[in-house]
């Protein structure tokens, strides 16, 4: 019997999301990423004596919208507390967080459907606000750890799930769905590469059929969703082997080593009593009126599930296409603008999913950067040129490549590069004759009835015309030539 048949993985995730504010949670220091180390600090975020915090109202708005998008109950009263611990990148010696009175509780994230079509939901225990710590940099100097306090005081929400996940794949699906919701409401860019989304994974094992939870470990230092999935698999295997050997799992913090593909112990896991929580004496309770919460709820955009359903209905898209196009709110916006501008939703979907996404992958540009070069209406204009026969699909691909480099309009590119579709019979016959005489064996087989060669010959004509020949007329002329 395999390990997976004997044991069950139980996972709960703690996700820390940096809120997309211009300044920190309790001071006016900027939150910009990539600035020179220790540039964005002040007496407040350094915890110097006599400095007093002032809560960032925008952070409260974004945290509330994130909680509402998760279906949580936002509480009218929440309390900021001091979480006491000592670490080099924590200048105050404590972190301002929320403990027994969090901002919001009891939400969920839907990660798919079961065999009967019912939603698979992962419960969200709580969403609370807190400030980020600084950053320890271990690769700057050979024999020392550097400390960058630019990040200290950046506003976060911590989103804590129930231990409802039963596989690494479910954990990955949860994280992707959660990030999508966060991005849709504009709470954060949620970039793992920049550290604006970080994951602590709690994992335990239990024998199949048991209901009691086992002793958990917490995995830190994971910088990708695929890394979270792999780390969970490795830690699951370690715990199963430990139990099989008669040992006991110890509650401790583990670090994930991506290079070695292994987990290793960092320290024993602290409990809440170790942090000596108490209400922050410098911060009054956070009081939110029902009317204010309703305003934040009304400000929520169309969320991913609703947008997928609407795109399927409005544009007659398949479920997979709708899922790809709504993966990112900016991508969905771009697609809708192209679809409306071109009047052809199917063509717009194909171009965005194939050509636009390939261009983004090849160039490394973000969609926002690309959209400043090829605006949605520019791409829509190119699609209309294909629809009315002004350019062929193959020529349009070349036009698109130039547009992506230069930002020029589609028709100007097509005219300058000689890519306007040729429908003149005399010119088309000349290209057909050239291909026919240059490929006598294939031409003879086609004339004898081998229809599989028609696409081959059309391709050669399109190549000879540099993509400008009208493919419908080329097919007709080849058939005419074959008939003698």
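The values are calculated or read from the model by the stated rules, or taken from the named source; none is laboratory data. This one's a predicted model, so the numbers in the text were calculated from it and none came from an experiment. FYI the Cβ positions are ideal-geometry reconstructions off the backbone, even for glycines, and counts take in every protein chain you see.
Can you find even one residue in segment 230-247 that is part of a helix (DSSP H, G or I), under 24 Å from the mean Cα position of the chain (by Cα) and either within 30 Å of residue 83 (Cα to Cα) or not assigned by TED's automatic domain parsing to the domain that holds residue 160 (or both)?
yes
Determine whether residue 315 is crowded, with 19+ Cβ neighbours inside 10 Å, closer than 18 Å to residue 403 by Cα and outside the structural domain of residue 181 (by TED's automatic domain parsing).
Details: crowded, with 19+ Cβ neighbours inside 10 Å: yes; closer than 18 Å to residue 403 by Cα: no; outside the structural domain of residue 181 (by TED's automatic domain parsing): yes.
When the stated conditions are applied, residue 315 does not pass them.
Scan segment 358-378 and give yes if some residue there is in the same structural domain as residue 315 (by TED's automatic domain parsing), over 26 Å from residue 415 (Cβ atoms), touching a residue at least 24 places away in the same chain (Cβ under 8 Å) and part of a helix (DSSP H, G or I), otherwise no.
Yes, segment 358-378 contains at least one residue that is in the same structural domain as residue 315 (by TED's automatic domain parsing), over 26 Å from residue 415 (Cβ atoms), touching a residue at least 24 places away in the same chain (Cβ under 8 Å) and part of a helix (DSSP H, G or I).
Could you please find all residues in segment 151-180 being under 28 Å from residue 90 (Cα atoms), part of a helix (DSSP H, G or I) and in contact (Cβ under 8 Å) with a residue 60 or more places away in the chain?
175, 178
So, in segment 286-312, how many residues would count as being part of a helix (DSSP H, G or I) and surrounded by 14 or more Cβ atoms within 10 Å (Cβ to Cβ)?
11
Being at pLDDT 95 or above and closer than 21 Å to residue 56 by Cβ, is that true of even one residue in segment 305-318?
No: zero hits.
Does residue 210 meet the test of being exposed (fewer than 14 other Cβ atoms within 10 Å of the Cβ) and either in contact with a helix residue (DSSP H, G or I) (Cβ under 8 Å, 6 or more places away or on another chain) or in the same structural domain as residue 163 (by TED's automatic domain parsing) (or both)?
Criteria met by residue 210.
Taking the stated definitions as given, is residue 442 buried (at least 16 other Cβ atoms within 10 Å of the Cβ), over 46 Å from the mean Cα position of the chain (by Cα) and either without any contact (Cβ under 8 Å) to a residue 40 or more places away in the chain or not in a helix (DSSP H, G or I) (or both)?
When the stated conditions are applied, residue 442 passes them.
So, residue 283, is that one over 18 Å from residue 7 (Cβ atoms), assigned to a strand (DSSP E or B), touching a residue at least 12 places away in the same chain (Cβ under 8 Å) and in contact with a strand residue (DSSP E or B) (Cβ under 6 Å, 6 or more places away or on another chain) or not?
The answer is no for residue 283.
Is segment 113-122 home to any residue that is within 27 Å of residue 291 (Cα to Cα) and part of a loop (DSSP other than H, G, I, E, B)? Talk me through it step by step, then tell me what you get.
Narrowing segment 113-122 to residues within 27 Å of residue 291 (Cα to Cα): none.
No; the residues of segment 113-122 include none that is within 27 Å of residue 291 (Cα to Cα) and part of a loop (DSSP other than H, G, I, E, B).
So, in segment 40-78, exactly how many residues are surrounded by 16 or more Cβ atoms within 10 Å (Cβ to Cβ) and not in a loop (DSSP other than H, G, I, E, B)?
Counting residues in segment 40-78 that are surrounded by 16 or more Cβ atoms within 10 Å (Cβ to Cβ) and not in a loop (DSSP other than H, G, I, E, B) gives 13.
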